1. Among the residues of region 90-106, what is the count of those that are open to solvent by 60 Å² or more (accessible area, probe 1.4 Å) and not polar (S, T, N, Q)?
2. Read through the list (1) under 15 Å from LEU115 (Cα atoms); (2) under 12 Å from the mean Cα position of the chain (by Cα); (3) outside any helix (DSSP H, G or I); (4) not charged (D, E, K, R), then give the number of the only condition that VAL53 fails.
3. Take region 90-133 and flag every residue that is in contact with a Phe, Trp or Tyr (Cβ under 9 Å, 6 or more places away or on another chain), in a loop (DSSP other than H, G, I, E, B) and among the hydroxyl-bearing types (Ser, Thr, Tyr).
4. Among the listed residues GLN36, GLN87, identify the single one that is surrounded by 13 or more Cβ atoms within 10 Å (Cβ to Cβ) and outside any helix (DSSP H, G or I).
5. Which pairs do you get when a residue that is closer than 9 Å to GLN5 by Cα, found in region 15-38, comes within reach of a residue that is surrounded by 19 or more Cβ atoms within 10 Å (Cβ to Cβ) and modelled with pLDDT of 95 or more, reach meaning Cβ atoms under 6 angstrom, with the pair 6+ apart or on two chains?
6. Which of (1) in a loop (DSSP other than H, G, I, E, B); (2) surrounded by 21 or more Cβ atoms within 10 Å (Cβ to Cβ); (3) free of Cβ contacts under 8 Å to residues at least 40 places away in the same chain is the odd one out, the single condition CYS69 does not satisfy?
7. Please enumerate the residues belonging to region 39-66 that are open to solvent by 30 Å² or more (accessible area, probe 1.4 Å) and aliphatic (A, V, I, L, M).
8. Among what's in region 107-132 and is farther than 23 Å from ALA67 by Cβ and aliphatic (A, V, I, L, M), pick the residue that is surrounded by the most Cβ atoms within 10 Å (Cβ to Cβ).
Amino acid sequence: MNQPQPVFPENRHALYEEHGYSAAIRSGDLLFVSGQVGSREDGTPEPDFATQVERAFDNLRATLAAAGCTFDDLIDVTTFHTDPENQFSTIMQVKQTLFPTPPYPNWTAVGVNWLAGFDFEIKVIARIPGQQG
């Protein structure tokens with residue numbers, strides 16, 4: 001049986017060490033990605049909301065790439081929003097640039113009241129191409 005393996009992006013930000021978690025865990029042919037936020041390299045939140053969302057997707061892209069995945073390999077997407085009603089249009093603009101045509105990934109959006117100083121977080125499960133489960 002395969003042992004779960006931690007995965008980190010090449011230029012990992014300070015939050016992983018600061019809070020003691022892996023960017024993702026590879027288990028068989030699945031990649032379970034921890035919530036990615038729009039942090040700068042030092043772990044601080046990006047203050048501009050649209051840029052924070054873009055950075056969260058950039059951090060996600062880097063974590064996926066470290067395991068040989070892309071956005072095309074996503075199985076499940078969950079996003080967390082501190083003010084969904086006012087943030088939704090900005091998030092949709094970024095989302096539409098990354099997923100411009102069907103098939104779209106399944107997606108669950110959750111409103112929350114706290115994200116450790118951030119306003120947006122995205123976590124996913126992906127299938128690793130060419131891996132056997």
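1. So the count comes out to 4.
2. (3)
3. none
4. Sole residue among the options that is surrounded by 13 or more Cβ atoms within 10 Å (Cβ to Cβ) and outside any helix (DSSP H, G or I): GLN36.
5. ALA24/LEU31; ALA24/VAL33; ALA24/THR63; ARG26/ALA67
6. So the condition that CYS69 fails would be (3).
7. Residues satisfying the conditions are ALA50, ALA62, ALA65, ALA66.
8. LEU115
The values are calculated or read from the model by the stated rules, or taken from the named source; none is laboratory data. Keep in mind that this is a model prediction, so the values were computed, not measured. No Cβ is skipped: glycine too gets one built from the backbone with ideal geometry, and neighbour counts run over all protein chains shown. Calculation scope for accessible area: heavy atoms of the full protein, side chains included, ligands and nucleic acids excluded. Shrake-Rupley method; radii C 1.70, N 1.55, O 1.52, S 1.80 Å.
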